[in-house]
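Contents: one structure, followed by commentary.
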Amino acid sequence: MITAGDDGQEGCIDRADEPVAVVDTARPEAGEVLTQGLGLADPGEGCAQGIRDQGVNVLTQATAAFALRHKAVLDTQTQAIRAERGRLFTALTAIPGVHPYPSDANFILLRLPAGRADAVFAGLKRRGVLVKNLDAAHPMLHDCLRVTVGLPEENQAFLAALTAEC
């Protein structure tokens, strides 16, 4: 994480192979609010420039502080989600007529055979499995559902229900 010092200059980071969080606490005595944003790092330089976002309320500050204190737990959870996302994606590709799209998020977008999204969504719901139906959200999302990566047993229940509905 990068923080701006009292002089307002961003610090440098050791690793520049991924986006970084930026929290600016410069000049709090002057009444400036804590701001957050994204950082972009140049892999050759190892330094980052912050892109300021907006003021952060007290609840967000407390949440960020909590997350930083428990980074190891969050890293473990992130690795588990990544592994489960890979397993879920692979299993979805094996279901005839289901086309999952690669994802780096904690969800997977999948396209069903033409005209089947509403019926499959309703069938999943009847089976106690909730996903997001994006069929009517935008023309490019016709026949699409979005599933959040869950615990292994939740994902297995989703896969069994989806297989039964397809």
Residue list for segment 108-128, filter: assigned to a strand (DSSP E or B) and either exposed (fewer than 15 other Cβ atoms within 10 Å of the Cβ) or basic (Lys, Arg) (or both): ARG111
Evaluation of ASP104 against (1) in contact with a helix residue (DSSP H, G or I) (Cβ under 9 Å, 6 or more places away or on another chain); (2) at pLDDT below 95; (3) outside any loop (DSSP other than H, G, I, E, B) (one fails), failing number: (3)
Where a residue in segment 56-68 is assigned to a helix (DSSP H, G or I) and its partner, wherever it lies, is modelled with pLDDT of 75 or more and not hydroxyl-bearing (Ser, Thr, Tyr), with Cβ under 8 Å and at least six apart: ALA67/LEU74
Matching residues in segment 129-166 - criterion: being assigned to a helix (DSSP H, G or I) and of a type in the set (A, V, I, L, M): MET140, LEU141, ALA157, LEU159, ALA160, ALA161, LEU162, ALA164
Flag if VAL98 is more than 13 Å from the chain's Cα centre (by Cα), over 16 Å from LEU159 (Cα atoms) and among the hydrophobic types (A, V, I, L, M, F, W, C): no
Subset tally (residues that are modelled with pLDDT of 95 or more and not aliphatic (A, V, I, L, M)) for segment 65-95: 7
LEU88 being more than 19 Å from GLU154 (Cα to Cα) and either of a type outside the set (Asp, Glu) or in a helix (DSSP H, G or I) (or both): no
Residue tally, condition in contact (Cβ under 8 Å) with a residue 60 or more places away in the chain and buried (at least 19 other Cβ atoms within 10 Å of the Cβ), over segment 144-157: 2
Criterion (touching a Gly at 6+ places or on another chain (Cβ under 7 Å) and without any contact (Cβ under 8 Å) to a residue 60 or more places away in the chain) met by exactly one of LEU141, LEU112: LEU112
Whichever residue in segment 56-93 is under 17 Å from ASN106 (Cβ atoms) and of a type in the set (D, E, K, R) and, among such residues, is surrounded by the most Cβ atoms within 10 Å (Cβ to Cβ): ARG85
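The values are calculated or read from the model by the stated rules, or taken from the named source; none is laboratory data. Since the model is a prediction, treat every value here as computed from it, not as a measurement. Heads up, the Cβs are rebuilt from the backbone with ideal geometry, glycines too, and the neighbour counts pull from every protein chain shown.
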